[in-house]
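**Student:** Take a look at this one; I'll ask things after.
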Amino acid sequence: MVSFSQKTYAARGQEHEHPLAKQLFANMERKKSNLSVAADVATKAELLLLADKVGPYICVLKTHIDIVEDFDMDLVAQLQALAEKHDFLIFEDRKFADIGNTVKLQYGGGIYRIADWAHFTNCHVIPGEGIIQGLAEVGMPKGRGLLLLAEMSSKGMLATGAYTDKNVEMAVKNEFVVGFIGSRRFTEDRDLITMTPGIGLHASGDALGQQYRTPETIVTKNGSDIIIVGRGIYGPGKDVAAEAQRYRDAGWAAYEKRLAKD
Ligand code: BMP
């Protein structure tokens with residue numbers, strides 16, 4: 001059997017049973033992009049400007065909505081308009097980590113109402129499978145998808161070995177789960193999408209434990225599907241659109257190289 005990472009995104013989209021995964025793969029193929037930008041900025045204006053600049057080059061915009069100090073629902077409306085204009089999906093990197101009943105309230109309600117606008121969100125499975133069930137009760141009826149944090153990119157992270165294996169086990173059997181945050185392809189049992197943060201073409205890390213690897217290592221060698229890039233694109237003095245294009249091209253070249261491998 002051909003492994004999922006040897007298939008094209010287009011073919012995987014056609015074969016996938018989850019409508020959101022289908023939509024994502026079709027988007028990636030259309031835009032020739034496996035790039036997600038991590039928009040870690042502190043104001044509404046900065047977030048909208050960044051999304052507008054990188055929009056043409058990305059398949060997914062990753063947000064940390066609780067960083068935005070002047071958040072309001074108009075920001076969400078404007079982000080949705082940009083998602084429409086530039087043809088990208090939205091991933092709120094919320095990293096839920098509580099019991100099922102609590103995450104249901106956090107995901108569907110509160111100030112942010114994440115389930116109303118984020119196509120993807122993610123969680124830690126520390127509390128056990130109930131967290132997935134709680135999030136699914138809110139997200140499934142809205143056609144959303146969940147990513148499990150099977151690994152992290154930071155130095156000394158504890159998501160390894162048996163813990164990572166448990167993530168994979170839970171993901172395979174829960175239809176609300178569409179993939180993982182992690183550094184590689186995790187399973188052939190179902191086509192679960194891996195998104196990888198900690199990507200940098202130039203830097204090797206930061207002062208707080210972040211570690212960077214290249215698109216080639218992550219996509220060509222490890223079989224991950226989407227690269228997530230933050231400060232590599234909008235650091236001081238950077239031409240944001242040019243950097244986004246550079247990472248988009250590097251991510252896509254790494255994918256094409258993977259397909260060309262025997
Ligand atoms: P940067 O490329 O600027 O280092 O940003 C990485 C982004 O990915 C941040 O938004 C961070 O929260 C997120 N992230 C990460 O770096 N490592 C992980 O393991 C999981 C993450 O969500």
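The values are calculated or read from the model by the stated rules, or taken from the named source; none is laboratory data. What you see is a predicted model; the values in this text were computed from it and never measured. In this analysis, Cβ positions are derived from the backbone assuming ideal geometry, glycine residues included, and neighbour counts consider all displayed protein chains. Side chains are part of the model used for accessible areas, which takes the heavy atoms of the whole protein and leaves out ligands, DNA and RNA. Shrake-Rupley method; radii C 1.70, N 1.55, O 1.52, S 1.80 Å.
**Student:** Considering only residues that are surrounded by fewer than 24 Cβ atoms within 10 Å (Cβ to Cβ), small (Gly, Ala, Ser) and within 15 Å of the ligand (Cβ to nearest atom), which ones fall in segment 145-197?
**Tutor:** If the condition is that a residue be surrounded by fewer than 24 Cβ atoms within 10 Å (Cβ to Cβ), small (Gly, Ala, Ser) and within 15 Å of the ligand (Cβ to nearest atom), then Ser153, Ser154, Gly156, Ala159, Ser183 are the ones that fit.
**Student:** Being open to solvent by 10 Å² or more (accessible area, probe 1.4 Å) and not in a helix (DSSP H, G or I) is the filter; apply it to segment 39-61 and report the residue that is farthest from the ligand (Cβ to nearest atom).
**Tutor:** Thr43
**Student:** Is one or more of the residues making up segment 199-211 more than 9 Å from the ligand (Cβ to nearest atom), of a type in the set (A, V, I, L, M) and surrounded by 20 or more Cβ atoms within 10 Å (Cβ to Cβ)?
**Tutor:** Among the residues of segment 199-211, not one is more than 9 Å from the ligand (Cβ to nearest atom), of a type in the set (A, V, I, L, M) and surrounded by 20 or more Cβ atoms within 10 Å (Cβ to Cβ), which makes the answer no.
**Student:** Could you identify the single residue in Ile227, Ile218 that is among the β-branched types (Val, Ile, Thr), open to solvent by less than 10 Å² (accessible area, probe 1.4 Å) and closer than 16 Å to Tyr57 by Cβ?
**Tutor:** Ile227
**Student:** Could you pull out the residue among Asp74, Asp93, Asp70 that is over 21 Å from Arg231 (Cα atoms) and outside any helix (DSSP H, G or I)?
**Tutor:** Going through Asp74, Asp93, Asp70 in turn, just one is over 21 Å from Arg231 (Cα atoms) and outside any helix (DSSP H, G or I): Asp70.
**Student:** Another question, then. If you go through segment 121-133 one residue at a time, do you hit one that is in contact (Cβ under 8 Å) with a residue 12 or more places away in the chain, within 16 Å of the ligand (Cβ to nearest atom), under 20 Å from Ile226 (Cβ atoms) and part of a helix (DSSP H, G or I)?
**Tutor:** So far as segment 121-133 goes, no, none of its residues is in contact (Cβ under 8 Å) with a residue 12 or more places away in the chain, within 16 Å of the ligand (Cβ to nearest atom), under 20 Å from Ile226 (Cβ atoms) and part of a helix (DSSP H, G or I).
**Student:** Pairs only if they're at least six apart or on different chains, beta carbon under 7 angstrom, first in segment 188-217 and acidic (Asp, Glu), second away from the ligand (no atom under 12 Å from the Cβ) and not in a loop (DSSP other than H, G, I, E, B); list them, first residue then second.
**Tutor:** That search, which allows pairs on different chains as well, returns Glu188/Phe4; Asp189/Val172; Asp191/Phe4; Asp191/Arg12; Glu216/Ala254.
**Student:** Return the residues of segment 220-262 that are away from the ligand (no atom under 12 Å from the Cβ), under 23 Å from Leu50 (Cβ atoms) and outside any loop (DSSP other than H, G, I, E, B); say none if nothing qualifies.
**Tutor:** Val240, Ala241, Ala242, Ala244, Gln245, Arg246, Arg248, Asp249, Ala250, Gly251, Trp252 - these are the residues of segment 220-262 that are away from the ligand (no atom under 12 Å from the Cβ), under 23 Å from Leu50 (Cβ atoms) and outside any loop (DSSP other than H, G, I, E, B).
**Student:** Right, something else. Of everything in segment 62-75, what is open to solvent by 10 Å² or more (accessible area, probe 1.4 Å) and either at pLDDT below 95 or more than 15 Å from the ligand (Cβ to nearest atom) (or both)? Give them in sequence order.
**Tutor:** Passing the criteria: Glu69, Asp70, Phe71, Asp72, Met73, Asp74.
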